[in-house]
């Protein structure tokens, strides 16, 4: 994803005839750069400038306010828990889809993309109906286990699991498909148990794909809003995540507080993208 | 999708013969099926049941209400603008990233993905910062005589930001794959740049472009947080389909909310289905 262009051979570009109409090439380049600067760089710069308008001290003060800090912590740990579950279940789903044939396999394969198509707000509505106190599963969880899902952290984790379900599956699936079976077969012939060959041969081969898929899911989850605002509501210290906190600060005109927490979220997400990019580049370099 | 864009759906191959514990297959498949059942399928059925609990009445009520019709119309209008703008610029950016080489190309390539991970709330907030009180671009909007923050233009800008990467990311691998031989040959035979683009490049990438546009459309139709913040959700003015659903939930008009949610979900699902068809055509045309 992030590294798509890196594989492009530079030599091919250089050897093309550039004689005719260089102004056309230059104007296209200028258009692309201008569009991206105007639409991506400028807005981000505006948030950063606003958050730092009272310097680093002001930013830190806004971020460490108890309500803000609680919202950031809640966002981070629910996203981390989701990522851990997703890494395991996503890998298993990819394994089931690639290695086994079972009734309903193509339905499951299509279902994996569903979270990308369904608006996240609708996802929230779906989950509230089923897991709410009056819902079939929610009522049972409440009466038998005393677990509140809706308006509580479990609901947040659930919503995040739904919206980021495709990331690990779609990252692991192509690697698993391209993987030759000979190494596993060799391990088997040499007397390795299925568990040993899974842990020593298959898992290391899949690890980079699992890692990049998980990091993208985590980065995406940090910013999630639509499903969470429906599922978790807006209770400070209990179910208010960082994006929802930012919304409340915008609505009550505390602009700098909104910018400060935005900067924290942007910084974490961008660093993760950088790491994903590095991992993918190394993977491509290793393959070449 | 969303997000880092879902790579094109993968063709399912015949699985190799299992050489492991016989129960491993059923354990894995059973776990996956029950997990997806509880996480995806059951909630899906629950919302359908909720929406149809009172028959088709709520649907009729919702879709004769002028406020709702306006909200859905607004959603479609914004989505179409986003699709057009990002279609044109996505094509240009993809071409520049694949065919051109200049210092800063790697940076441009990295920046393109940022909208995937910026929270929609922050996207809407950026519009307010740039075009609100003392915003950097407020003088520009004033000079043009338009209001951007808490108005339609702001919602369009936010949606364009959110959907910016899809077309570029879908086109880049296709552009790379078709190579430059055809374009070079046409150029040698005397075709002008525009003719080469129209007759060689565009037909070569049309399915990739279509797939990117469909992804953009699906994402734009479902956008919620960014248009909520940028537009302010004024009923009858800046209320889109998702904002109507949100308000109905808030006012405890649940059947209306479910009916509208199911409609929007069904449209998205139809788009996913269309996406499948486009993908198959594209794969077949390779």
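Quick notes
- Residue list for region B:64-85, filter: farther than 27 Å from residue B:164 by Cα and either touching a residue at least 40 places away in the same chain (Cβ under 8 Å) or surrounded by 15 or more Cβ atoms within 10 Å (Cβ to Cβ) (or both): B:67, B:68
- Where a residue in region A:141-163 is on the phi > 0 side of the Ramachandran plot and its partner, wherever it lies, is in a helix (DSSP H, G or I), with Cβ under 9 Å and at least six apart: A:151/A:231; A:151/A:232
- Condition check for residue A:160: within 12 Å of another protein chain (Cβ to nearest Cβ), out of contact with any strand residue (DSSP E or B) (no Cβ under 8 Å at 6 or more places or on another chain) and not in a loop (DSSP other than H, G, I, E, B): yes
- Out of B:176, B:206, sole residue that is in contact with a helix residue (DSSP H, G or I) (Cβ under 8 Å, 6 or more places away or on another chain) and surrounded by fewer than 21 Cβ atoms within 10 Å (Cβ to Cβ): B:176
- Filter pass, residue A:149 being over 30 Å from residue A:278 (Cβ atoms), more than 8 Å from chain B (Cβ to nearest Cβ) and buried (at least 24 other Cβ atoms within 10 Å of the Cβ): yes
- Evaluating residue B:150 against the criteria (1) under 27 Å from residue A:242 (Cβ atoms); (2) at the interface with chain A (Cβ under 10 Å from one of its Cβ atoms) leaves one unmet condition, (2).
- Among (1) more than 7 Å from chain B (Cβ to nearest Cβ); (2) under 23 Å from residue A:225 (Cα atoms); (3) within 18 Å of the chain's Cα centre (by Cα), the one test that residue A:138 misses: (3)
- Pick from region A:106-135, criterion in a helix (DSSP H, G or I) and more than 7 Å from chain B (Cβ to nearest Cβ), ranking: surrounded by the fewest Cβ atoms within 10 Å (Cβ to Cβ): A:107
- Checking the stated criteria, residue A:132 turns out to be in contact with a helix residue (DSSP H, G or I) (Cβ under 6 Å, 6 or more places away or on another chain), more than 23 Å from residue B:33 (Cβ to Cβ) and free of Cβ contacts under 8 Å to residues at least 40 places away in the same chain.
- Evaluated against (1) touching a helix residue (DSSP H, G or I) at 6+ places or on another chain (Cβ under 8 Å); (2) at pLDDT below 90; (3) surrounded by fewer than 24 Cβ atoms within 10 Å (Cβ to Cβ); (4) under 26 Å from residue A:27 (Cα atoms), residue B:138 falls short on exactly one condition, (4).
- Within region A:45-56, the set of residues being over 14 Å from residue B:125 (Cβ atoms) and modelled with pLDDT of 90 or more comprises A:52, A:56.
Here's the yes/no breakdown for (1) closer than 30 Å to residue B:209 by Cα; (2) touching a strand residue (DSSP E or B) at 6+ places or on another chain (Cβ under 6 Å); (3) modelled with pLDDT under 90:
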{"position": "B:48", "(1), (2), (3)": "no, no, yes"}
{"position": "B:52", "(1), (2), (3)": "no, no, yes"}
{"position": "B:55", "(1), (2), (3)": "no, no, yes"}
{"position": "B:63", "(1), (2), (3)": "no, no, yes"}
{"position": "B:77", "(1), (2), (3)": "yes, no, no"}
{"position": "B:100", "(1), (2), (3)": "yes, no, yes"}
{"position": "B:103", "(1), (2), (3)": "yes, no, yes"}
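- Listed conditions (1) crowded, with 18+ Cβ neighbours inside 10 Å; (2) away from every other protein chain (no Cβ under 12 Å); (3) at pLDDT 85 or above; (4) more than 18 Å from residue A:119 (Cα to Cα) are all met by residue B:200, apart from (3).
- Scanning region B:35-62 for residues that are surrounded by fewer than 17 Cβ atoms within 10 Å (Cβ to Cβ) and farther than 30 Å from residue A:108 by Cβ returns B:54, B:55, B:56, B:57, B:60, B:61.
- All positions within region B:1-32 that are modelled with pLDDT of 55 or more and within 7 Å of chain A (Cβ to nearest Cβ): B:10, B:12, B:13, B:19, B:20, B:21, B:24, B:25, B:28, B:29, B:31, B:32
- Within region A:42-59, the set of residues being over 21 Å from the mean Cα position of the chain (by Cα) and under 15 Å from residue A:266 (Cα atoms) comprises A:42, A:43, A:45, A:46, A:47, A:48, A:49, A:50, A:51, A:52, A:59.
- All of (1) surrounded by 19 or more Cβ atoms within 10 Å (Cβ to Cβ); (2) within 14 Å of chain B (Cβ to nearest Cβ); (3) touching a residue at least 60 places away in the same chain (Cβ under 8 Å) hold for residue A:76 with one exception: (1).
- Flag if residue B:94 is closer than 26 Å to residue B:177 by Cβ, buried (at least 23 other Cβ atoms within 10 Å of the Cβ), touching a residue at least 24 places away in the same chain (Cβ under 8 Å) and more than 7 Å from chain A (Cβ to nearest Cβ): yes
- Residues that are more than 7 Å from chain A (Cβ to nearest Cβ) and at pLDDT 95 or above, drawn from region B:105-123: B:123
- You will find that of A:56, A:33, A:38, A:42, the residue that is buried (at least 19 other Cβ atoms within 10 Å of the Cβ) and assigned to a helix (DSSP H, G or I) is A:33 and no other.
- With respect to being in contact (Cβ under 8 Å) with a residue 40 or more places away in the chain and under 24 Å from residue A:217 (Cα atoms), residue A:255 falls outside the description.
- Of the helices (runs of 4 or more DSSP H) entirely within region B:165-255, those holding at least 3 residues that are within 19 Å of the chain's Cα centre (by Cα) occupy B:165-178, B:202-221, B:225-231, B:241-250.
- Scan region A:190-215 for residues that are over 24 Å from residue A:285 (Cα atoms), part of a helix (DSSP H, G or I) and facing chain B (nearest Cβ under 10 Å) and the total you get is 4.
- Looking only at region A:85-104, and only at residues there that are free of Cβ contacts under 8 Å to residues at least 40 places away in the same chain and more than 7 Å from chain B (Cβ to nearest Cβ), the one that is surrounded by the fewest Cβ atoms within 10 Å (Cβ to Cβ): A:103
The values are calculated or read from the model by the stated rules, or taken from the named source; none is laboratory data. Note that this is a predicted model, so its numbers are computed, not measured. Cβ coordinates were reconstructed from backbone atoms using ideal geometry, including for glycine residues, and neighbour counts include every protein chain displayed.
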